[in-house]
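Notes to accompany the following structure.
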Amino acid sequence: MAIIEPPRRDSVHPQQTKTYSSSLRFWHWANAIVITGSLLTVAVNSTVLNGWPTLMFVQDKLKQSGVTVTEKQARELTIGLRDRVWDVHVYFGYCLAALLLFRLIAEFFEVADQKLMRKIKSAYAQYKSGQNMLIARHELVVKTMYAMLYLVLIIMAVTGLCLAFEDDVPFLKSIHAIKEVHGFCMYLVLLFIGVHIIGVFLAERKDSKGIVSDMINGGKN
């Protein structure tokens with residue numbers, strides 16, 4: 001389990017605490033909020049607004065208010081509510097796409113030792129040279145996982161935008177795999193979130209205590 005713990009120390013200079021730029025910290029927390037909101041909309045439509053119990057609940061509540069509706073009318077009402085929730089999901093998707101664009105642009109303006117690919121290459125070089133081997137391997141695994149997350153989020157954002165605009169671009173409707181890929185990416189993101197939370201929890205309990213506050217205040221040596 002230790003391999004998934006985000007390292008607090010720099011692999012090149014183990015005596016130093018890693019620092020995080022303001023743009024990266026903003027992206028991290030804003031992305032966490034957007035992804036959480038997006039996943040909640042999926043959860044609501046998959047549970048609260050899905051299935052026969054929900055249909056019966058709507059009929060019963062309306063009946064208590066003196067309004068009698070048929071099963072078809074109750075179903076249409078439920079579908080309407082689901083569509084409203086999906087509209088919110090789409091808005092979260094737009095925010096996710098905007099944040100990814102922000103992250104890609106910000107990467108070009110990061111100082112050299114803060115760039116993700118630079119960190120991966122540096123950790124790999126450290127590992128191959130045998131210097132700080134354990135720390136370098138740890139850093140390499142964690143940063144590679146982050147790079148994979150970025151790739152998954154990009155795929156999710158692109159497929160989500162395709163689904164959002166498929167009514168305006170008929171060609172997109174013929175690509176049935178888009179929805180499946182989008183849904184599969186969601187499960188990969190959930191997996192990463194679980195691994196990340198466990199890793200941060202373990203890191204806070206061991207020698208990387210303070211890693212969460214570092215992502216808030218930027219990290220201090």
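Coordinate-derived values only; no laboratory data. These numbers come from a predicted model, not from an experiment. A quick note on method: Cβ atoms are made from the backbone with ideal geometry, for glycine too, and the neighbour counts reach across all protein chains shown.
Below are the figures for this structure:
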{"item": "Linear extension gain, SER22 paired with ILE198, 0.36 nm per residue minus alpha-carbon span", "result": "60.9 nm"}
{"item": "Label-to-label distance, nm, for residues given as GLU110 and LYS128 (7 Å Cα→Cβ offset)", "result": "2.1 nm"}
{"item": "Highest to lowest packing among 175-181, 76-82, scored as the average C-beta count within 10 Å", "result": "76-82, 175-181"}
{"item": "Read-out log10 I(q)/I(0) by the Debye sum over Cα atoms at q = 0.13, 0.15, 0.17 Å⁻¹, derived from the coordinates shown; its label in (1) -0.86, -1.03, -1.21; (2) -0.74, -1.01, -1.33; (3) -0.87, -1.12, -1.39", "result": "(1)"}
{"item": "Cα-based helix-to-principal-axis angle, 22-46 vs the chain, degrees rounded to 10", "result": "30 degrees"}
{"item": "Given LYS18/LYS143; LYS119/LYS209; LYS128/LYS209; LYS18/LYS206; LYS143/LYS173, the pairs whose alpha carbons are separated by over 25 Å", "result": "LYS128/LYS209; LYS143/LYS173"}
{"item": "Spatial separation of Cα centroids for the stretch 90-127 and the stretch 182-219, in angstrom", "result": "16 Å"}
{"item": "Cα shape, the stretch 11-73, gyration tensor, a/c 1.5 rule", "result": "prolate"}
{"item": "For the chain, size of Cβ-based charge dipole, Lys and Arg +1, Asp and Glu -1, in debye", "result": "680 debye"}
{"item": "Cα-based helix-to-principal-axis angle, 52-64 vs the chain, degrees rounded to 10", "result": "50 degrees"}
{"item": "Angle between the chain longest axis and helix 177-205 axis [Cα atoms, degrees, rounded to 10]", "result": "50 degrees"}
